[in-house]
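J.: Submitted below is the structure of interest, expressed as structure tokens.
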Amino acid sequence: MRKKVGFGIVGAGAIAQSYAQAFDKCEHAELKAVADIRVEAAHALAHGFGCPSYGSYITMFQESELDAVIVSTPPVTHPEISLFFLENKIHVLCEKPLSVDVENATAMLDAAKRAGVRLTMGSKFRYVEDVIRAKSIVTSGILGEIILFENAFTARVDMSNRWNSDPTISGGGVLIDNGSHSVDLMRYFMGPVTDVHVVEGKRAEGLAVEDTVRIFVKSRDGIIGNIDLSWRINKELDSYINIYGSNGTISIGWKESKYRQSSSRDWIVFGGGYNKLQAFRSQIENFSRSILGQDILLITAKDALASVEVIEAAYQSLRQESWIAVKNGVPAADSVDTHHLVTAGA
């Protein structure tokens, strides 16, 4: 029987629930422990999966035999927790955003390299089966030269009492929250992002952070992108990604994904939509197989750092109300570092 990678989860909030459920039926991974400063929350999550709980991630490390951890705490805590485990030679899957700034993200990558362990950023949409199939279709060239990328993550959500709207904890608002997914997806399909311009919408509830933004981006290959993010409106769209080429269009949807070439009147359905549990399970399995030497991560360490770089430039654009060049751009996901690989999410 092949060895399973033993995981601990740090943080027992909503995203941790999704990760924990995803361990069911994982072939290469198992949940071994849960830690949260809210002891009752840690116990409730761990109890359902028959594993011990702890009120401290340090105690969890000391008392549990772990190969890897999932860091699912608020963004401002990611570097401290991740660095602790990396420096103790524990592989880390850190939820998106990897960090709220480039400096700490770089420190995390450096620590993983020194320790010789894997660091990955949780980015669930990159593991959706329809997204992976769509990437193959785009790469095949049947849609012609890609001209425009569109993405929208919009929903009416009351954020007034959630940590996501506290910039001292989250690092920002919807831009760093949902935008981390968007940037990772655009880079996956279009390659490195070189320039970004962000426009903020009206703050409907007077939050301390932005709750509606439109992001304009340019890729290294001259492809333009348009990203809509909001906690205050729902665009009622069937799809969350649309990519337009000179010879066709592809649409990745919540319930169905399809493409159509310009020479045909018919859409071809290639996927059944977004499956959250499948995405989380595939992410854990991919990370585990990479640890076992059986696979490479879908998202590299450089990709994760690049996402932080783009978001940091996006906030600079938001403040200055102008186009901003993305500093220190790095190769897209097709340039794979098989030694120190990383994935972001939520």
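Any read-out appearing in this document is the output of simple, stated calculations on the displayed coordinates, not a laboratory observation. This structure is a prediction, so every number in the text was calculated from the model and none was measured. Every residue, glycine as well, gets a Cβ built from its backbone with ideal geometry; the counts of neighbours run over all protein chains shown.
J.: Evaluate the Debye formula for region 214-274 with equal point scatterers sitting on the alpha carbons, no solvent, and hand back log10 of I(q)/I(0) at q = 0.14, 0.18, 0.23, 0.26 Å⁻¹, in q order, two decimals.
T.: -0.51, -0.79, -1.05, -1.11
J.: May I have the convex hull volume per residue, in Å³, for the Cα set of region 100-192?
T.: Cα convex hull per residue, to the nearest whole number: 147 Å³.
J.: Another question about this same structure. Regarding region 56-119, what are the three Cα extents along the principal axes, ordered largest first, in Å?
T.: That gives 32, 25, 13 Å along the principal axes, largest extent first.
J.: Distance between the C-alpha centers of region 282-302 and region 146-191? Whole Å please.
T.: So the two Cα centres are separated by 24 Å.
J.: Quick one: order C94, C26 by neighbouring beta-carbon count within 10 Å, fewest to most.
T.: Ascending Cβ contact count within 10 Å gives the list C26, C94.
J.: I need the shape label for region 125-169. Rule: rounded when a/c is under 1.5, else prolate if a/b > b/c, else oblate, with a, b, c from the alpha carbon gyration tensor.
T.: Taking the square roots of the gyration eigenvalues as a ≥ b ≥ c, region 125-169 is prolate.
J.: If you don't mind, there's one more thing I want to ask. I want the local charge near E210. Using Cβ-Cβ distances under 15 Å, sum +1 for each Lys or Arg and -1 for each Asp or Glu among the other residues.
T.: -2
J.: Just want the ordering: F216, F23, from fewest to most Cβ atoms lying within 10 Å of their own Cβ.
T.: F216, F23
J.: Scale the Cα Rg of region 256-311 by the rule-of-thumb value 2.2 N^0.38 Å and send over the ratio, two decimals.
T.: 1.64
J.: If exposed GluC sites (Glu not before Pro) are those in a DSSP loop with at most 12 other Cβ within 10 Å, what is the longest stretch of the chain that has none?
T.: 237-320
J.: Over region 90-204, what is the relative contact order in percent, taking alpha-carbon pairs closer than 8 angstrom and at least six residues apart?
T.: 27
J.: What FRET efficiency comes out for the pair I268/A325, r = Cβ-Cβ distance, R0 = 30 Å, nearest 0.05?
T.: Efficiency for this residue pair is about 0.20.
J.: Please compute the modelled spin-label separation between Q294 and L148, points set 7 Å along Cα→Cβ, answer in nm with one decimal.
T.: Label-label distance for L148 and Q294, simple model: 4.4 nm.
J.: Report the equivalent ellipsoid semi-axes for region 1-157 in whole Å, largest first, defined as the square roots of five times the eigenvalues of the gyration tensor built from alpha carbon atoms.
T.: Taking √(5λ) for each Cα gyration eigenvalue gives 30, 19, 17 Å.
J.: Work out the length of the dipole vector of the chain about its Cα centre, built from +1 on the beta-carbon of each Lys and Arg and -1 on the beta-carbon of each Asp and Glu, and round it to the nearest 20 debye.
T.: 620
J.: Is the C-alpha gyration tensor of the chain telling us rounded, prolate or oblate? Criteria: a/c under 1.5 is rounded; beyond that, a/b larger than b/c is prolate, otherwise oblate.
T.: prolate
J.: Ranking K276, K96, K3 by Cβ neighbours within 10 Å, fewest first, what do you get?
T.: In increasing order of surrounding Cβ atoms, one gets K3, K276, K96.
J.: What is the list of residues in region 11-43 whose amide nitrogen lies under 17 Å from a point 7 angstrom out from the Cα of T59, following Cα to Cβ?
T.: Only 11-12, 33-43 pass the distance filter.
J.: Residues of region 223-250 with backbone nitrogen within less than 17 Å of a virtual label 7 Å along the Cα-to-Cβ line of S160, please, listed as ranges.
T.: Counting backbone N atoms under 17 Å from the label point, the list is 231-233.
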